[in-house]
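See structure below.
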Amino acid sequence: MLIRTRRSWEIRDAEATPEAAFLDRRRLLALGGLAAGSLLLPGTLLPGTARAQESDPTADLYPATRNETYVVDRELTPEAISGQYNNFYEFGSQKTIASTAQALKTRPWTVRIDGMVEEERTVDIDTLIRAMPLEERLYRHRCVEAWSMTVPWTGFPLAALLAYARPLAGAKFVRFETFLEPETASGQRQVWYPWPYVEGLTIAEAGNELAFVATGIYGKPLAKQFGAPLRLALPWKYGFKSIKSLVRVSFTDERPVSFWETIQASEYGFWANVNPEVPHPRWTQAEERVLHTGEKVPTLLFNGYGEQVAGLYTGLEGEALYM
Ligand SMILES: Nc1nc2c(c(=O)[nH]1)N[C@H]1C(S)=C(S)[C@@H](COP(=O)(O)O)O[C@H]1N2
Ligand SMILES: [Mo]
């Protein structure tokens, strides 16, 4: 048992102000601009924020209406910070991949739906996005490396994609796959990694109301470094489960083995639910570093989303649910 002096539900006054959760879009943009101004040289463009998204064929769908069910008790992370500190190993193992990620060509783009489904098919990304009910949600994100951010995603419930895919009754898992294009993604030329990036969920997890497919962030289509044009956002799990730049969604009765599980199964398991009391083999998970302030705050069980997801794991106590 860990003993903490500050309880997980005690949040500082500054974090608790309703303004923090409901920053209007203009103020958010101003915040982003301010931080960008202080971090970047004059005249430097923030990669992927303006140019690429203007030409996005779905740009007219943004900003989408915010779903007020998903609120947060933390300040949003400015785009100038979250857009410059990314994990996207396809473009390198360092956090500063935003510029190189601009090489990713996101149109034309298709998503293959296959495996145990009524009918296998390949759908064009713009057709898919327009068929889905877009909304905005504020979610917290906790990386296994113990940093965290809070961001406004735009997208649709993964449950809507499940309904669209029509899996067979025998399907038990969903397997997700990222693009494979070593010509543009320099990281994929590092052949010791098991490309393409793969992740997986149980059908029950994928159907949970919190499981979200993001197409946008900060009221705009996703910038490339965030995993354009389509990525998962699974706020109760460590960030590596939220796979970026999806090209394939497969239904199966076998538990998928993920990219990170292939590399180091003793550190990155299938379930990877956030739990402050189960340390990573090489560091504690009790606290996290808030990306834009550097402040250390206690990590919460299921990243604070236990009410929605704890029920998914009853009867599975023998599994390594928290790594
Ligand atoms: N395809 C792919 N998806 C990925 C990753 C990656 O390297 N490749 N990194 C993961 C990790 S470790 C995290 S924390 C999040 C980071 O998302 P962000 O850069 O949008 O904050 O993406 C996840 N999805
Ligand atoms: Mo991560």
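Things worth noting here:
- Any chance Q94 is over 19 Å from K241 (Cβ atoms) and within 16 Å of ligand 2 (Cβ to nearest atom): yes
- Qualifying residue in region 254-264 (condition: more than 14 Å from ligand 1 (Cβ to nearest atom) and hydrophobic (A, V, I, L, M, F, W, C)): yes
- Residues that are more than 27 Å from E209 (Cα to Cα) and in a loop (DSSP other than H, G, I, E, B) within region 282-308 comprise R282, T284, H292, T293, G294, E295, listed in sequence order.
- Residue within region 285-297 that is within 16 Å of ligand 1 (Cβ to nearest atom) and small (G, A, S) present: no
- Test: residue in region 190-197 that is within 9 Å of ligand 1 (Cβ to nearest atom) and open to solvent by less than 40 Å² (accessible area, probe 1.4 Å): yes
- Checking the stated criteria, V144 turns out to be within 16 Å of ligand 1 (Cβ to nearest atom), among the hydrophobic types (A, V, I, L, M, F, W, C), open to solvent by less than 20 Å² (accessible area, probe 1.4 Å) and in contact with a Gly (Cβ under 7 Å, 6 or more places away or on another chain).
- Per-region count, region 220-247, residues of a type in the set (A, V, I, L, M) and more than 16 Å from ligand 2 (Cβ to nearest atom): 6
- Failed item, numbered, when L168 is tested on (1) open to solvent by 10 Å² or more (accessible area, probe 1.4 Å); (2) under 30 Å from E277 (Cβ atoms); (3) more than 12 Å from the chain's Cα centre (by Cα): (2)
- Exclusive hit being modelled with pLDDT of 95 or more, polar (S, T, N, Q), surrounded by fewer than 16 Cβ atoms within 10 Å (Cβ to Cβ) and within 16 Å of ligand 2 (Cβ to nearest atom), set Q264, Q285: Q264
- Strands (runs of 3 or more DSSP E) (entirely within region 185-281) containing at least 3 residues that are closer than 20 Å to E136 by Cα: 212-217, 231-233
- Residue match in region 65-76 (condition: near ligand 1 (Cβ under 10 Å from one of its atoms) and at pLDDT 95 or above): no
- Remark: pairs (first residue in region 137-155, under 12 Å from N87 (Cβ atoms) and within 13 Å of ligand 2 (Cβ to nearest atom); second residue open to solvent by 10 Å² or more (accessible area, probe 1.4 Å) and not in a strand (DSSP E or B); Cβ separation under 6 Å; 6+ apart in sequence or on different chains) = H141/G239; C143/G239; V144/F240; W147/L291; M149/L291.
- Residue pairs meeting the criteria (Cβ under 6 Å; at least 6 apart or on separate chains; first within 16 Å of ligand 2 (Cβ to nearest atom), in region 187-200; second modelled with pLDDT of 95 or more and assigned to a helix (DSSP H, G or I)): G187/Y89; G187/E90; G187/F91; Y197/F259; V198/F259; E199/K241
- Criterion violated by R107 - all others in (1) open to solvent by 60 Å² or more (accessible area, probe 1.4 Å); (2) over 26 Å from P256 (Cβ atoms); (3) not in a helix (DSSP H, G or I) satisfied: (1)
- Of all residue pairs spaced 6 or more apart or on separate chains, those with beta-carbon atoms under 8 Å, a first member in region 122-135 that is surrounded by 13 or more Cβ atoms within 10 Å (Cβ to Cβ) and a second member that is of a type in the set (D, E, K, R) and in a strand (DSSP E or B) are E135/R66.
- So G239, is it surrounded by fewer than 24 Cβ atoms within 10 Å (Cβ to Cβ), under 23 Å from H280 (Cα atoms) and in contact with a strand residue (DSSP E or B) (Cβ under 9 Å, 6 or more places away or on another chain): yes
- For S250, the test of being small (G, A, S), more than 13 Å from ligand 2 (Cβ to nearest atom), open to solvent by less than 20 Å² (accessible area, probe 1.4 Å) and on the phi > 0 side of the Ramachandran plot is failed.
The values are calculated or read from the model by the stated rules, or taken from the named source; none is laboratory data. Note that the coordinates shown come from a computational prediction; the quantities given were computed from them, not determined experimentally. Using ideal geometry, Cβ is built from the backbone for each residue, glycine included, and neighbour counts are taken over all protein chains shown. Heavy atoms of the whole protein, side chains included, go into the accessibility calculation; ligands, DNA and RNA do not. Shrake-Rupley method; radii C 1.70, N 1.55, O 1.52, S 1.80 Å.
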